[in-house]
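Written below as structure tokens is the structure these notes are about.
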Amino acid sequence: MSFLKHLFIALTVALFAFHAAAEQELLKDPEMYEKTHYAKRCSEVKYGAGFIDRIDINNDGIPDAVTNSSEIMCDGVRGPDCTAEGCPFNFYLQVKEGGYFMIATAQMYSYDFIKRFGNMVFVLKMHPRYCERDEGAAPCEMTVRVRGTKFLTISKK
């Protein structure tokens, strides 16, 4: 083989190996993953009833998971990562082969998961700045749909 052909094959193999290593590792269970994280971080940790929702967020028939950090009590502090802009919510998709991967983290106040035009969508209640409004204005309500592994914004108000 020519030198260029060897170089091409070597680069192709290297690129595929890099891509495989860069892929996100699947989690067995996002609830246990997050609880392990907070157990390391906090001396005493408690979880509220709304800490995790197991819902099908991308309409594929497989239950996914959403965690809500405002439901965590860490060393006596409720929602240790919450700010004036809300609390972190983590969104995990479950794959049919088993396991989960995180597709998004959003800093927000809350969400509703409702059916609109036959599809399940999120109505995310967020800080007013996400709708280009000043602080103190009404919260932004962003309607989004999860298609595949991406959040698609339908509307903001």
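Taken together, the values in this text are just the output of simple stated rules run on the coordinates, not laboratory data. Note that this is a predicted model, so its numbers are computed, not measured. No Cβ is skipped: glycine too gets one built from the backbone with ideal geometry, and neighbour counts run over all protein chains shown.
How would you classify the stretch 90-143 from its alpha-carbon gyration tensor, with a ≥ b ≥ c the square roots of the eigenvalues: rounded for a/c under 1.5, else prolate if a/b is greater than b/c, otherwise oblate? Judged from the Cα gyration tensor, the stretch 90-143 comes out oblate (a/c at least 1.5, b/c at or above a/b). The simple Förster model, with R0 at 35 Å and r as the Cβ-Cβ distance, assigns GLU85 and SER43 a FRET efficiency of 0.85. Taking chymotrypsin sites (Phe, Trp or Tyr not before Pro) across the stretch 36-136, the ones in a DSSP loop with at most 12 further Cβ atoms lying within 10 angstrom of their Cβ are PHE117. Taking the number of Cβ atoms within 10 Å of each Cβ as an exposure proxy, the fewest-first ranking of LYS115, LYS46 is LYS115, LYS46.
With only the Cα atoms considered, the stretch 24-156 has a convex hull volume of 113 Å³ per residue.
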